[in-house]
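In what follows, a single structure is set out as structure tokens and then discussed.
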Amino acid sequence: MLFRSQVRREAAWQAAELFQQGGANGLAVSAWSDYVQRHPTPVADLIEARAQLLELYEAAGDAAAVRAQRRAIIQADRNAASERSRRTQLLAAQAALGLAVEQQANFDAIRLSAPFERSLARKQVAMRATLDGFEAAIRYAIASVTSEATYRSAEVYAGFASAMMDSERPSQLDADALEEYELLLEEQAYPFEERAIAIHTRNTEYTRDGLYDDWVAASYRDLARMMPARYAKEERDVAVHASLR
């Protein structure tokens, strides 16, 4: 009986792979969906099957299905117990990162406009959810995911500061009151800019562990723009050193 079950599972996997490799994506989705319903173990294979479904849904532009598969991958890895592996954690980390990137897009889309207090509250809630999402991805301790999530976290803080400076100004202010309002905005935005710098700096410190990827390089570039006197030369030196490895 166990042998028959294994044969059926392997046949189902091969059929799904053949459909996908042949470009029959609709049939592949059906086959992989049937696989994950009928074969919850081994968990590693279940997660790999869901990763294939995720890829197919991304190609189809089905955002809701992509989101559902990412959550399912995270949950399956969390429940994997002794079957949990570096590979299942990688797929779960990538899924967590994908969810956070989607939240970041929602955060970016919120403009600070009148009534200011209401839009500010929405922006703050979106920021917290986005940062929590990136922190969840970082906890998997997968280097490539960590560097991207760290960079994007810095972007969130910088984006909040920029949104404050670009926010809609109250129309009833005279020139003096507007100048005072601008100064107040700068004071409120400054801590978020400082936080962005601190997180970018943390990302560049991964070079001490031998990690220099596109996201670490992007943090160096942003720091060179924000603090050119300190980071412009360091960015060039690190990039040259990395290219010689």
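Yes/no matrix, rows are residues, columns are (1) out of contact with any helix residue (DSSP H, G or I) (no Cβ under 7 Å at 6 or more places or on another chain); (2) farther than 30 Å from A163 by Cα; (3) at pLDDT 95 or above:
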residue	(1), (2), (3)
D77	no, yes, yes
A81	yes, yes, no
R84	no, yes, yes
A93	no, no, yes
A100	no, no, yes
A105	yes, no, yes
D108	no, no, yes
P115	yes, no, no
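Starting from segment 3-28, take each residue that is open to solvent by 80 Å² or more (accessible area, probe 1.4 Å) and list its partners that are in a loop (DSSP other than H, G, I, E, B), counting only C-beta distances under 9 angstrom and pairs at least six apart or across chains. Correct list of pairs: R8/H39; L18/A24.
Per the conditions (1) open to solvent by 70 Å² or more (accessible area, probe 1.4 Å); (2) touching a Phe, Trp or Tyr at 6+ places or on another chain (Cβ under 7 Å), the sole criterion not satisfied by Q52 is (1). Mind counting the residues in segment 144-175 that are in contact (Cβ under 8 Å) with a residue 40 or more places away in the chain, among the aliphatic types (A, V, I, L, M) and outside any helix (DSSP H, G or I)? Counting residues in segment 144-175 that are in contact (Cβ under 8 Å) with a residue 40 or more places away in the chain, among the aliphatic types (A, V, I, L, M) and outside any helix (DSSP H, G or I) gives 0.
Within segment 36-48, one or more residues are surrounded by 14 or more Cβ atoms within 10 Å (Cβ to Cβ), of a type in the set (G, A, S), out of contact with any Leu (no Cβ under 8 Å at 6 or more places or on another chain) and part of a helix (DSSP H, G or I). Taken over segment 199-220, the criterion of being surrounded by fewer than 19 Cβ atoms within 10 Å (Cβ to Cβ) and part of a loop (DSSP other than H, G, I, E, B) is satisfied by G210, L211, D213. The residue that is nearest to the chain's Cα centre (by Cα), counting only those in segment 144-186 that are open to solvent by 50 Å² or more (accessible area, probe 1.4 Å) and at pLDDT 95 or above, is E155.
The values are calculated or read from the model by the stated rules, or taken from the named source; none is laboratory data. Note that this is a predicted model, so its numbers are computed, not measured. So basically every Cβ, Gly included, is an ideal-geometry build from the backbone, and we count neighbours across all protein chains shown. These area figures cover heavy atoms from the full protein model, side chains too; ligands, DNA and RNA do not enter into them. Shrake-Rupley method; radii C 1.70, N 1.55, O 1.52, S 1.80 Å.
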